[in-house]
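> Pasting a structure below so you can have a look.
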Amino acid sequence: MIKVQRGCKDILPEDVLTWQMIEKTARDLFQAANYKEIRTPIFEATELFKRGVGDSTDIVNKEMYTFSVGGANKDENSITLRPENTAGVVRAYIEHGFNRKSAPVKLWYFGPMFRYERPQKGRQRQFHQIGVEMFGVSEPAADSEVIALAIKFLNKMGLNNLEAEINSLGCPECRQKYKDKIKEVLKPYLNELCDDCKVRYEKNPLRMLDCKNEHCASIFEKDGIKDVISGDFICEECREHYNKVKEYLNVLGIKYSENKMLVRGLDYYNRTVFEIKSDALGAQSAVAGGGRYDGLVEMLGGDKTPAVGFALGVERLYELIQHQDEEKLDYFVVSTMPNDALLAVNKLRDKGYSADFDFQNRKFAKQLEKAGKIAKKALIIGEDEVNGGYYTVKDLASGEQTRVEEI
Ligand code: HAM
């Protein structure tokens, strides 16, 4: 029997409703923030990713689905299934002269990506990303908008216990000094590093910092090396930019932590980088990642254009939604009439549902907010319901409301 390819999944009818809900939430949120949807092809010239994502990255070196098609001059016709979509969106931005539009140009996308990785939990060969890219603004307010948008989207999906990590990679100039310093202190240990790190040492030393090899990690912990890695290397301008990003995040009430080891697996970043993580995902803990890439448009042949964006893995998001649903109550009874609430909760529990209500009899809106965090459905008993002799059941994921006579 022919089966689905390793690392790929069928999205079955019972899952599609959740996928549609994810897509609708993204569309509504991003459109409200003035992002326009863009749909680019799922394959591009191989050269785009080699130059765009960077040929020292694992993605380009090990994970691309590359084909040579037609013609005698196969190199020219080499195409690759997109492993990510920032490079493709940048190509489209340049090709369609989007730089002539007034800045910022804000775009979002949803679609399949392809990486030839060893499949494991949270790591597929075909997976989907939702992403946004904002072009034309170098100010730190753009970085914080993008980070805030990613978090807002996840909150809208009912996910509130996620960790945002941020870092600044500085600009090419200050980063070069940092790279040189790291190479200098690691030189005596070069033979001990894993094979991947030996290559990274030459091609992209920062990538060594998030190596998963235990021996490499123990070398990075040594005195004299650790201090260099965690040292403050970014220049005055980059520091100011980074401080502003943090200031805006504070203003927006967004919790984050700083992680010096956060370098990301793609070469195009400068200054702000970030990831949003959840322990519930296991080893592949990032549900979203992104950052600033001020050099990419120019590097791919366009005008010098600052840009910042993120992408979020839809399968990982789906996993988190499922995980959270397993932990959620079936019902939270929302009512400002304690007698009715108590009766309803007991009826629901007798029927085998997990259910709770607000013991403090707080305002209706507060109760509904709590329901959204801890339950799949709210059973609403207001005056209309009591007078009409029915209950309103609100599905807290889709927002859909139905009337029921009996529980
Ligand atoms: P990335 O960190 O490579 O960034 O991918 C973003 C997200 O896609 C990850 O956080 C993860 O949730 C999901 N993802 C990546 N690989 C897989 C996989 N093999 N299986 C399942 N999910 C996966 C980028 O792709 C950048 N283009 C993000 C960006 C946009 N930066 C600026 N703009």
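> Roll a 1.4 Å probe over the protein chains and send me the accessible area per residue for region 65-145 in Å². Don't jump to the answer; show the numbers that get you there.
Values: 3570 Å² over 81 residues.
Each residue of region 65-145 exposes 44 Å² on average to a 1.4 Å probe.
> Give the dimensionless ratio obtained when the Cα radius of gyration of region 284-332 is divided by 2.2 N^0.38 Å.
Scaled against compact globular proteins, the figure is 1.86.
> When the gyration tensor of region 108-191 is built from Cα positions, what are the square roots of 5 times its three eigenvalues, in whole Å, from largest to smallest?
31, 23, 14
> Report, to the nearest whole %, how much of the accessible area of region 69-177 belongs to carbon and sulfur atoms, 1.4 Å probe, protein only.
Reported share for carbon and sulfur atoms: 46 percent.
> Normalised by the residues of region 45-155, what does the relative contact order come to in percent, with Cα pairs under 8 Å and at least six apart? Write down the numbers at each step before the final one.
On the way: 132 pairs, mean separation 23.4, N = 111.
Contact order relative to length: 21 percent.
> Highest mean first, what order results for 364-377, 179-192, 307-320, 271-284 on Cβ atoms within 10 Å?
307-320, 271-284, 364-377, 179-192
> Hull surface divided by four, with the convex hull built on the Cα atoms of region 263-407: how many nm²?
12.6
> Between His241, His215, His128, find the one with the highest GNM mean-square fluctuation for the chain; connect C-alpha pairs within less than 10 Å.
Result for the chain, Cα springs under 10 Å: His215 fluctuates most.
> Out of the total accessible area of region 254-351 (probe 1.4 Å, heavy atoms of protein only), what percent is carbon and sulfur?
The nonpolar share, carbon plus sulfur, comes to 46 percent.
> In terms of solvent-accessible area of protein heavy atoms at a 1.4 angstrom probe, what is the ranking of Arg362, Arg349, Arg200, highest value first?
Arg349, Arg362, Arg200
> So which lysines pass the test for Lys212, namely a Cα distance under 23 Å, with those fewer than 8 places away in the same chain ruled out?
Lys62, Lys121, Lys179, Lys181, Lys183, Lys187, Lys198, Lys203, Lys222, Lys226, Lys260, Lys277
> Counting each pair of different Cα atoms once, what's the Kirkwood radius of the chain in Å, rounded to one decimal?
23.7
> Could I ask something else about it? Could you work out the helix-only [θ] at 222 nm for the chain, with each DSSP H run of four or more residues adding -39,500 (n - 2.57) and the total divided by the number of residues, to the nearest 500 deg cm²/dmol?
Computed mean residue ellipticity for the chain: -11500 deg cm²/dmol.
> Among the lysines, select those whose C-alpha is under 17 Å from the C-alpha of Lys373, and discard any that sit fewer than 8 residues away in the same chain.
Lys152, Lys156, Lys328, Lys363, Lys394
> Right, here's the next one. Tell me, what is the per residue accessible area of region 212-332 in Å², probe radius 1.4 Å?
Ligands and nucleic acids excluded, the result is 46 Å² per residue.
The values are calculated or read from the model by the stated rules, or taken from the named source; none is laboratory data. Just so it is clear, the model here is predicted, and its values are computed rather than measured. Cβ coordinates were reconstructed from backbone atoms using ideal geometry, including for glycine residues, and neighbour counts include every protein chain displayed. The area values use the complete protein model at the heavy-atom level, side chains included, leaving out ligands, DNA and RNA. Shrake-Rupley method; radii C 1.70, N 1.55, O 1.52, S 1.80 Å.
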